[in-house]
Every structure is written in structure tokens, then in C-alpha cells.
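To start, the structure itself, in C-alpha cells.
The values are calculated or read from the model by the stated rules, or taken from the named source; none is laboratory data. All of these numbers come straight from a predicted model, not from anything done at the bench. Positions of Cβ are backbone-derived with ideal geometry, glycine not excepted, and every protein chain shown enters the neighbour counts. Remember, those area values only see protein heavy atoms, side chains included, never the ligands or the DNA or RNA. Shrake-Rupley method; radii C 1.70, N 1.55, O 1.52, S 1.80 Å.
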Amino acid sequence: MKDKQLNTKIIAAADEVLTKQIHQKYVSAKKKETKNVRLVQLAILLLFFAIWEAAARLKWIDVLLFSYPTKVFRLLWDKLLDGSLLPHVGVTVVETIIGFALGTLFGTALAVVIWWSPFLSRVLDPYIVVLNSMPKVALGPLFIVGLGPGLLSIIATTLSITVIITTLVVYGSFKEVDQNYVKVVTLFGGNQRKIFLKAILPASFPAIVSTLKVNVGLAWVGVIVGEFLVSQMGLGYLIIYGFQVFNFTLVISTLFVIAIVATIMYQLVSYLEKRLTKHR
């Protein structure tokens, strides 16, 4: 009997060691794959800049319109040194964060309200479809007249883009929840509030968190469009100003800054998503 127990312990220990080894190999392989992906991404980016620079130097492209990397980086460096770039970046980032947060909050709240009332859902459905299909840039002049040429009209432009998309995505995730979850809560005497808190919301949580990443890009679009129309500060303003004075190096430099800052925000939201879903 003792020999049998000893053999069982030995087999269990061997299985545990083997499992750890397999897991370590898997983790090592994933790290290596991630490293290779990053290297290829960096190589593609450097190759793009090299081709762009060569094309400009060899006069394959019009440098007045398309500029070239060294000129772009020199301009950005000069604006960093004279302190004229960071205030514009700060204004746009603050506006984007506000639009991103409010758009996610209002869109999710509207989705909850629509789910809560099937009658209201049927009433609002055609209006939501129309608002989603409407070009949001066309609403800009209305926001400027109604709210004034300032922060409020920029935020309103951002919300016009983010709220409807958030509502559609979150409400769609509510409707796709397995009805067996709802039946279980109902069998235990749960009312609509319990159904939402115990079944609908937990099952839809990954979709709600994923909406954050979508809203990052949408918020940037809304803010830049709003700054095109009314702002005298921000990255959108720099793009319009560069176009007006025919300084396309400034335009491309600003686009480059937008790409960097938007990527950082996206990565932060992606990290937040991993943290939130990890604890579910």
C-alpha cells in the first residue's frame, strides 16, 4: 500500500515537473515570437523612412509637398527646443481624454437604458441608425453656433462620433448574451435589475472593455475635426495652419506627433483592458 502511494506521489511530481517544463517552453516561444514581431515592425518602419528619404533626395517625389524624414525630425526637434510644440500636444491630449471618457460613459449608459426598455429600444432604433450614418463633420457648424467656438464645440464633435458607436457596440453585446444565463437568474427569482447585474453585465464586460480601444481612435478623429473648425491651439490647428501657409513639413510633422501620441494612448488602454479582463 505504501509502495503504491509512493508511486502515485512520484508520478504526480513527475507530471508537475513536465507541466512546468511545457509551460516554460510555451512562454519562451511566445516571448521569442513577440520579439521577432517587434523586430520586423521596426525593420518595416526604418525601411519606410529610408525609402522616403531616398525618394526625396533623388527627386522622385516633390519635397515641397511630401518633405522628407530628416527635415521633419529637424522641425520637431526645433519646436521641442523652443517650447512651441508641447502646449499644442497638451491641449489636444486633454480634449481627447475628455471626449474619450465622456463618449464611453454616455454611450454605455444609453445602451443600458435602451436594453432596459424594449419599447424605448424600438422607438430609438431608427434615430440611432440615422445618427450613425450622418457625416459628423456636417454637425460641426451647428455646434459652433450653439456652443461657441471653443472647447465645448470640440467635445460635442467628439461625442457625436463616440457616443453612437459605443451605444451600438455595447447594446449589441447585451443582446448577444446567452439567454440561458438570464433564465438561471430568473429561476432564482431575479428581477430585471438582478438579471442585468448578474447575467448581462458580466457577460458583456469584455465587449465593453474592448470598446475603449475603439473609442481611442474615434476620440482622436473627433478632436482633430473639431480643432480644424474652431481651435486656435492643438495639433489640429497646427495642421490647418501648416496648410494655410503652405508648410507641408509642419503638416507631416504634426501627423507624425498624432501617430505617436495616439499609439501611446492606445497601448495604455490596451494595458488597462488586459488588467481588467485578467481579474474577471
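Using only alpha-carbon positions in the chain, the gyration tensor eigenvalues give semi-axes of 44, 35, 14 Å once each is multiplied by 5 and square-rooted (largest first). Heavy-atom surface analysis with a 1.4 Å probe gives region 162-280 a carbon and sulfur content of 65 percent of its accessible area.
Here the 3J(HN,Hα) profile of region 240-253, calculated from phi with Karplus coefficients 6.51, -1.76 and 1.60 at θ = phi - 60°, is 5, 5, x, 5, 5, 9, 6, 9, 6, 5, 5, 4, 5, 4 Hz, Gly and Pro shown as x.
Determine the relative contact order of region 93-203: mean sequence separation of Cα pairs under 8 Å and six or more apart, normalised by residue count, in whole percent. This gives 37 percent for region 93-203.
What full-extension length gain, to one decimal in nm, is calculated for Asn180 and Asp82 as 0.36 nm per residue of separation minus the Cα-Cα distance?
Gain on extension, Asn180 to Asp82, equals 29.1 nm.
Please give the calculated 222 nm ellipticity per residue for the chain, where each DSSP H segment of at least 4 residues contributes -39500 (n - 2.57) and the sum is spread over every residue; nearest 500 deg cm²/dmol? Kindly include the intermediate steps, with their values, before the conclusion.
Details: 12 runs with 236 residues, N = 280.
The helix contribution divided over the chain gives -29000 deg cm²/dmol.
With only alpha-carbon atoms in the gyration tensor, what are the semi-axes of the equivalent ellipsoid for region 165-280, in Å, largest first?
43, 15, 9
Relative contact order of region 182-241: what whole-number percent is it, with Cα pairs under 8 angstrom and at least 6 residues apart? Rounded, it is 18 percent for region 182-241.
In whole percents, the pair-distance distribution calculated for region 85-165 from its alpha-carbon pairs, binned every 10 Å from zero, is 17, 40, 31, 10, 2, 0.
Over all distinct Cα pairs, what is the inverse of the mean 1/r for region 92-221, reported as the Kirkwood hydrodynamic radius in Å?
Numbers: mean 1/r = 0.0634 Å⁻¹.
Computed over Cα pairs of region 92-221, the Kirkwood hydrodynamic radius comes out at 15.8 Å.
Between Leu64 and Val112, what FRET efficiency comes out of the Förster formula 1/(1 + (r/R0)^6) with R0 = 41 Å and r the beta carbon distance, rounded to 0.05? Calculated value: 0.20. Decide, for region 32-78, between rounded, prolate and oblate: order the square roots of the alpha carbon gyration tensor eigenvalues as a ≥ b ≥ c, take rounded if a/c falls under 1.5, and otherwise choose prolate if a/b is larger than b/c, else oblate. It comes out oblate by the Cα gyration axes. Entry note, the chain: relative contact order of 23 percent, from Cα contacts under 8 Å with a spacing of 6+ residues. Taking region 52-93 and a reference point 7 angstrom along Cα→Cβ of Ile260, the backbone N atoms nearer than 14 Å belong to 69-90. Can you bin region 6-163 into rounded, prolate or oblate? Criterion: square roots of the alpha carbon gyration tensor eigenvalues sorted a ≥ b ≥ c, rounded for a/c under 1.5, prolate for a/b above b/c, oblate for the rest. Judged from the Cα gyration tensor, region 6-163 comes out oblate (a/c at least 1.5, b/c at or above a/b). Applying 1/(1 + (r/R0)^6) with r as the Cβ-Cβ distance of Phe119 and Lys213 and R0 = 41 angstrom yields a FRET efficiency of 0.80.
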